[in-house]
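Colleague: I'd like to ask you about the structure that follows.
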Amino acid sequence: MAKFELKLPKMGESVAEATITSWLKDVGDTIEADEAVFEIATDKVDSEVPSEVDGVLVEKLFDVDDVVQVGQTIAVIETEGEANAPIETPKAEPVKHEVAEPAAVAEVTKTVVVAQETVAPVVSSGDRFYSPLVRNIAKQEGISQTELDAIAGSGKDGRVTKNDMLAYLGSRDAQPSPVKETPKATPAQANGVEKKAAPVVASGEDEIIEMTRMGKLIAHHMVESVQTSAHVQSFIEADVTKIWNWRNKVKNEFKQREGENLTFTPIFMEAVAKALRDYPMMNISVQGDSIIKKKHINLGMAAALPDGNLIVPVIKDADQLNLVGMTKKVNDLAGRARENQLKPDDISGGTYTVTNVGTFGSIMGTPIINQPQVGILALGAIRKVPAVVETPEGDFIGIRYRMFMSHSYDHRVVNGALGGQFVKAVKDYLEAWDSDREI
């Protein structure tokens, strides 16, 4: 008999830790390879972690609600044959949500308590990512956003770790008296008029629904994005009659040959990928006062979940895919999103996002940028409308299939000319569709 260590796998470039939300197997249970053992949650997605081997679960090293790091051993599985690697028997110390406070922290003064109640929640900024554990410590200890941004991180890429936070707390509380940060005045406060959110009073007949964990995360990211980027929109209308007719002509043959449904989404994604290749300064991120120009074109595709929330799986190197490959990728990600089977890596690394508001009947929308990207394109519903058709023989009125596209972009780094040229390029690619294109 041998023992196999089941570790927390790598889950994308920005995910360093996860919270165990439930155990699907108990000690003594028989496990088959690829069978899920436990569930985890990150600040991006929920996921199951499967076993890599057949065997029997003999030890759990963490409990539900423990926060674990990527690469840490979570469980031990007894298998037939020889072990791949020797097991280290000491049990890993779980990282609890409630972090043990250093001795200096126990002497927290009333001033710190007041600050703890009034300080705004800290968020990850464009160039600094804070893990759920770090944000939780900051919340518990009343650390403001300004304080957190000033802490030097010792982790990978300068990331602030738990030890950095504990060291900062020890040095902060060793000072003669903690200083409560005075928040900057908003324009309304500067004019002597401070707007406060009106309290919401629920009557006995009202239903109070607790937001889901993902709903809270989405709400937080949306507010953070609006506070980070200067949102500007450009709108354009495209004639997609050629695409409509071509798809109707080939979709049955495509289904029979490829085993996939040919929707409009991969066609639109192909056009966006081409436009990003033409305008690479839309495929960027902002880090402080620097612009990061992305080498890869990774298209985010907003997809609806069964509970009504949205998630954005990513099509990696979208410009390298032909229409068949794009269709397979779109259908795979959309299907796994509906079944809550996306992995953290499936939603990481996006450089630009497309959302199809037309799915719900909207003709246009003003979407919020998916940070740290600088642009997002909303596709409106395709409508059959009367329109002026220009021909060499003259203009006439005809029935056409048309749609609006709404381009939201970050005006800090994308001016109106670039924002407009990009969405115009998408329109041109769609309207120039080859009606005789082979599949």
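Colleague: Right, I363: surrounded by fewer than 18 Cβ atoms within 10 Å (Cβ to Cβ) and either assigned to a loop (DSSP other than H, G, I, E, B) or in contact with a helix residue (DSSP H, G or I) (Cβ under 6 Å, 6 or more places away or on another chain) (or both) or not? Can you show your working first?
Modeller: On the way: surrounded by fewer than 18 Cβ atoms within 10 Å (Cβ to Cβ): yes; either assigned to a loop (DSSP other than H, G, I, E, B) or in contact with a helix residue (DSSP H, G or I) (Cβ under 6 Å, 6 or more places away or on another chain) (or both): yes.
The answer is yes for I363.
Colleague: Here is a follow-up. Could you please give the count of residues in region 54-75 that are among the β-branched types (V, I, T) and surrounded by fewer than 18 Cβ atoms within 10 Å (Cβ to Cβ)? Steps first, answer last, please.
Modeller: As a first pass, look at region 54-75 and keep what is among the β-branched types (V, I, T): 56, 58, 64, 67-68, 70, 73-74.
Those left that are additionally surrounded by fewer than 18 Cβ atoms within 10 Å (Cβ to Cβ): 56, 58, 64, 70.
Adding up the residues that qualify gives 4.
Colleague: May I ask you to list the residues in region 335-360 that are farther than 16 Å from V272 by Cβ, in contact with a helix residue (DSSP H, G or I) (Cβ under 8 Å, 6 or more places away or on another chain) and not in a loop (DSSP other than H, G, I, E, B)?
Modeller: R336, D346
Colleague: Quick one: count up the residues across region 336-354 that are free of Cβ contacts under 8 Å to residues at least 60 places away in the same chain and among the aliphatic types (A, V, I, L, M).
Modeller: 1
Colleague: Can you name every residue in region 317-333 that is surrounded by fewer than 20 Cβ atoms within 10 Å (Cβ to Cβ) and either assigned to a strand (DSSP E or B) or in contact (Cβ under 8 Å) with a residue 60 or more places away in the chain (or both)?
Modeller: Result: L323, V324, K328, N331.
Colleague: State which residue is surrounded by the most Cβ atoms within 10 Å (Cβ to Cβ) when the search covers only region 368-393 and only residues that are part of a loop (DSSP other than H, G, I, E, B) and free of Cβ contacts under 8 Å to residues at least 60 places away in the same chain. Walk me through it before giving the result.
Modeller: Taking region 368-393 as the starting set, the residues that turn out to be part of a loop (DSSP other than H, G, I, E, B) are 368-374, 380-382, 392-393.
Next, from what is left, pick out any that are free of Cβ contacts under 8 Å to residues at least 60 places away in the same chain: 380-381, 392-393.
Details: G380: 21, A381: 16, P392: 4, E393: 6.
Only one residue fits best here, namely G380.
Colleague: Just to verify a result, which residue in region 341-358, among those that are under 13 Å from M301 (Cα atoms) and either of a type in the set (V, I, T) or surrounded by fewer than 19 Cβ atoms within 10 Å (Cβ to Cβ) (or both), is farthest from the chain's Cα centre (by Cα)?
Modeller: V357
Colleague: Okay, next question. Could you identify the single residue in E253, E260 that is at negative phi and touching a helix residue (DSSP H, G or I) at 6+ places or on another chain (Cβ under 9 Å)? Outline the logic, then answer.
Modeller: Values: E253 fails: touching a helix residue (DSSP H, G or I) at 6+ places or on another chain (Cβ under 9 Å).
Among E253, E260, only E260 is at negative phi and touching a helix residue (DSSP H, G or I) at 6+ places or on another chain (Cβ under 9 Å).
Colleague: Could you grab me the full set of residues in region 17-76 that are polar (S, T, N, Q) and closer than 21 Å to E339 by Cβ? Don't jump to the end; show me each part of the working.
Modeller: So in region 17-76, the residues polar (S, T, N, Q) come out as 19, 21-22, 30, 42, 47, 51, 69, 72-73.
Those that are polar (S, T, N, Q) and closer than 21 Å to E339 by Cβ: T21, S22, T42, S47, S51.
Colleague: What tally of residues in region 403-413 results from selecting those that are of a type in the set (A, V, I, L, M, F, W, C) and buried (at least 22 other Cβ atoms within 10 Å of the Cβ)?
Modeller: Matching residues across region 403-413 total 2.
Colleague: Would you please name the residue that is farthest from A387 (Cα to Cα), looking only at residues in region 225-253 that are under 21 Å from the mean Cα position of the chain (by Cα) and surrounded by fewer than 16 Cβ atoms within 10 Å (Cβ to Cβ)?
Modeller: Here the answer is Q227.
Every number here is computed from the coordinates shown, using simple stated rules; none is lab data. Not measured: the values here are computed from a predicted model. FYI the Cβ positions are ideal-geometry reconstructions off the backbone, even for glycines, and counts take in every protein chain you see.
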